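Here is the structure we will look at, set down as structure tokens.
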Amino acid sequence: MVDTPETSRERDDLRPPGAATVMDDLKAWFVSEVLPLEQALMQFLQSNWRRAEDIADMRQDIYLRLFEAAKREIPHPTRPFLFTVARNILIDRYRRERIIPIEGVADLESIAVATPEPGPDRRAIARDELRHLQSALDRLPPRCREAIVLRQVEGLTRKEIAQRMGISEKTVNRHLCDAMNLLLDMQHQEGGAA
Amino acid sequence: MIDAKAVQARAVEWIVQRQTAESWSEEDQASLDAWLAESNEHLLAYWRAEDGWKRTELLGALRSFRPQTRQNPDRTPMVWARRAAVAAIVAITGAVAANYLGETPQPSEFTYSTVVGEHKTLALADGSQIEMNTDTVLRASKRKVVLMKGEAYFQIKHDAAHPFMVYASGHRIVDLGTKFVVKSAPNRVEVALVEGAARVDSGSNGSGHSALLKPGDVAIATANSISVTKKTAPALAKELAWRHGNLVFDNTALGDVAAEFNRYNRQKIVISDPKVARLTIVGTFPANDEEAIINTAREVFGLQARQENGRIVISR
């Protein structure tokens, strides 16, 4: 255990001076400023792009562009910048696919209206988020839910979960991965609606 | 263009492996670092998956506390340290209690564990709380805990009719309205009494020797003997310092949360707006990590935090 911090310090030394700090800032910004907007972003994309299977890739594109921009300078505030990037990505897509987005155009015009700033009562939003998470958990396949609950709620180790569920650790791992993937996918669905 | 679904799936695999593997080696970390360095898609997907994982932990904190608080709806849930009606505190460092490893868990019995560097607080239905130190495994059921590995600090709500029993390394500690500390090494249990009274029985069924302890007493129980010596209060306090590792909040007002952090940190958090101070919070935070609570205030409540004369001022 003693050598762990040593080694990580060595690893840090290999980075250019200041690089670690910049990366930490970017991560803090991405997690605290960008990810909370994901639900609004996904709603926006879903209402402007018909093919559901493209949406995850579009989100990835948007995050990527946002991140490239943030590496030069972290945008502030994040929300309008995110939606400008999202809009540009959508327009690129429309052009590439030669789609004439009749509804889309109207929606693009009304972006600012469609995505209001959060009101002052962020507490209600936080509660919503918990409720949302709980309902997402309830909608997982039973074995996935059991595995993630035993791990995150009961604090069992992987070995103990395997014993409890009568399955191999490898299968526990797969259930946990499936559960996390589904929870991440549901993160942007509104109010627990499937 | 990289398939977003596939990247997410891989990021999730990394997170799950890192969070649940029994060991995480330098090589593992190097492979992860290499994967993250491959592309920004990987990096962002990993941050996102990690955030998702952390959020499910928040749900865990909420759920594991609800059943206990519901039993007594008018009791304000609070940080363990403030509860006055608590009778006994026990801390145990233990080797594996081999006698109990073979036991099949009963439906009402739960196994809890902490990984290295982790602290965790459990709230039992009877109002007792258990703080688990790093690398600890225990089984808890009604008025009975088997410490299988590691160290734990017990704060037991005393009930003379239903004594609380702690089993470790083949010995038994019975709470008699007390605060006490127990440590054990293979074939050896050390019990130090902080306050009140407790009894140590050598042998898990009480068939062997017994020793009744007074504050400051330290009993060392081996397979066939119990000896008692004394320890000073500062010495005991130092041994228990790890307890302050984590603070657990369940619908606790932000003002109280700040006060709690201020007990453990030199840099004080100041909240002067009463509306802000009344916001409530759920979660488990490292006591020395004010950053974590400040980030939560920012992220969850959208509050501002700024440095001012060596203090952290949280406001709207």
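Since every read-out is calculated from the coordinates, none of them should be taken as a lab result. Since this is a predicted model, take the numbers as computed values, not measurements. All Cβ positions, glycine included, derive from the backbone under ideal geometry; neighbour counts span all protein chains shown.
A few notes on this one:
- Label sites at B:W24 and B:T229, each approximated as a point 7 angstrom past Cα along Cα to Cβ, lie 3.9 nm apart.
- Footprinting exposure proxy ranking of A:L176, A:L37, fewest other C-beta atoms within 10 angstrom first, gives A:L37, A:L176.
- Pairwise label distance in nanometres, B:E38 with B:D273, each label 7 Å out on the Cα-Cβ vector: 4.5 nm
- In this label model, A:S47 and A:S135 are separated by 1.8 nm, measuring between points 7 Å along each Cα→Cβ vector.
- Ordering B:F110, B:F154, B:F261 by the number of other Cβ atoms within 10 Å of each residue's own Cβ, fewest first, gives B:F110, B:F261, B:F154.
- Full-extension gain in nm, A:R96 to A:A69, via 0.36 nm per residue minus C-alpha separation: 7.4 nm
- A:I167, B:I293 arranged by Cβ crowding within 10 Å, fewest neighbours leading: A:I167, B:I293
- In this structure, B:S31 and B:E308 have a Cβ-Cβ separation that, at R0 = 41 Å, corresponds to a calculated FRET efficiency of about 0.40.
- Residue-wise HN-Hα coupling along segment B:305-316, computed from phi with Karplus coefficients 6.51, -1.76, 1.60 (Hz; x: Gly, Pro): 9, 9, 7, 8, 6, x, 10, 10, 9, 9, 8, 7
- Backbone N under 15 Å from the B:I2 label point (7 Å along Cα→Cβ), restricted to segment A:58-83: A:58-68
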